[in-house]
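> Sending over a structure as structure tokens; questions will come in a sec.
The values are calculated or read from the model by the stated rules, or taken from the named source; none is laboratory data. Please read all numbers here as calculations on a predicted model, not as lab measurements. Cβ: placed from backbone, ideal geometry, glycine included. Neighbour counts: every protein chain shown.
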Amino acid sequence: LKIYVAKLLIIFLYGVLLAIIAILFTFILKFVLLGNKYSWLTTYLGRGTLLHILILNMVGTIVYSTFIVTLSFMLIMLVRVNVAVIGIGLAIGFLGSSISVALMKSFSSLVGILKWNPLNMIFVMQQLSNSSYAHISNLSTVQIVLATILYGSIFAEVGFVLFKHRRV
């Protein structure tokens, strides 16, 4: 348990560190390229200030990264071939949300169930800063954040069980 949690925690903290660096880099680029042309407190399309949207995007990134990291850990324990896990991860990252939307449109009578599929949680990053994505994901912002965290927890638990029974 300690080894698994330590690996998971290091990857999570690395993601948080990268999000902080991204925020700092955004401030630097804004200062260098735009100077005082736009204020961080400017309201953007009625969604909130630019600073507020930036922070929500980073929180969404961190929430989604926990989801994708725990999914990756679980897939590594299931598949055991790093190249395959990378391929599956890329496919999920690039096609997952489209597959989720296609499923919900194809089986519209089952949207109440299909909206909870794990591929739909990819929308968490966009939906946190732009609530109009709720009509695409069919989940409220609170629901999608909690479901993403829940799926991350499930993937972490399944990954740990697989890790515990894996022969080294």
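> What's the number of the only condition in (1) closer than 25 Å to Ser131 by Cβ; (2) loosely packed, with under 11 Cβ neighbours inside 10 Å that Ala22 fails to meet?
That leaves (2) as the condition not met.
> Does region 19-42 contain at least one residue that is closer than 18 Å to Val142 by Cα and touching a Phe, Trp or Tyr at 6+ places or on another chain (Cβ under 8 Å)? Even if it seems obvious, please write down each step before you answer.
Narrowing region 19-42 to residues closer than 18 Å to Val142 by Cα: none.
The answer is no, given that none of the residues of region 19-42 is closer than 18 Å to Val142 by Cα and touching a Phe, Trp or Tyr at 6+ places or on another chain (Cβ under 8 Å).
> Name the residue, out of Ile68, Ile20, that is within 19 Å of the chain's Cα centre (by Cα) and under 18 Å from Ile144 (Cβ atoms). Spell out the reasoning first.
Details: Ile20 fails: under 18 Å from Ile144 (Cβ atoms).
From the options Ile68, Ile20, the qualifying one is Ile68.
> So Val83 ticks every box in (1) without any contact (Cβ under 8 Å) to a residue 40 or more places away in the chain; (2) closer than 24 Å to Leu162 by Cβ; (3) surrounded by 11 or more Cβ atoms within 10 Å (Cβ to Cβ) but one. Which box is left unticked?
(3)
> Looking only at residues that are without any contact (Cβ under 8 Å) to a residue 24 or more places away in the chain and of a type in the set (Val, Ile, Thr) in region 40-54, which one is surrounded by the most Cβ atoms within 10 Å (Cβ to Cβ)?
Thr49
> Can you say whether Ile10 is in a helix (DSSP H, G or I) and within 26 Å of Leu119 (Cα to Cα), as far as the supplied structure shows? Can you show your working first?
On the way: in a helix (DSSP H, G or I): yes; within 26 Å of Leu119 (Cα to Cα): yes.
Spelling it out, Ile10 is indeed in a helix (DSSP H, G or I) and within 26 Å of Leu119 (Cα to Cα).
> Just one of the numbered conditions (1) at pLDDT below 90; (2) out of contact with any Leu (no Cβ under 7 Å at 6 or more places or on another chain) is not true of Leu78; which one?
Status for Leu78: all satisfied but (2).
> May I pose another question? Would you mind finding the one in Ser100, Ser108 that is of a type in the set (Ser, Thr, Tyr) and either under 27 Å from Leu18 (Cα atoms) or more than 15 Å from the chain's Cα centre (by Cα) (or both)?
Ser108
> Next up: Being surrounded by 13 or more Cβ atoms within 10 Å (Cβ to Cβ), of a type in the set (S, T, N, Q) and within 26 Å of Tyr4 (Cβ to Cβ) narrows it down to one of Thr141, Thr70, so name that one.
Testing whether each residue is surrounded by 13 or more Cβ atoms within 10 Å (Cβ to Cβ), of a type in the set (S, T, N, Q) and within 26 Å of Tyr4 (Cβ to Cβ) leaves just Thr70.
> What do you reckon, is Ile92 crowded, with 18+ Cβ neighbours inside 10 Å, within 13 Å of Val63 (Cα to Cα) and aliphatic (A, V, I, L, M)?
On the way: crowded, with 18+ Cβ neighbours inside 10 Å: yes; within 13 Å of Val63 (Cα to Cα): no; aliphatic (A, V, I, L, M): yes.
Taking the combined requirement at face value, the residue does not satisfy it.
> Would you point out which residue out of Leu139, Leu146 is closer than 23 Å to Arg47 by Cβ, in a loop (DSSP other than H, G, I, E, B), modelled with pLDDT of 90 or more and not basic (Lys, Arg)? Write out each step before concluding.
Details: Leu146 fails: in a loop (DSSP other than H, G, I, E, B).
Answer to the check: Leu139.
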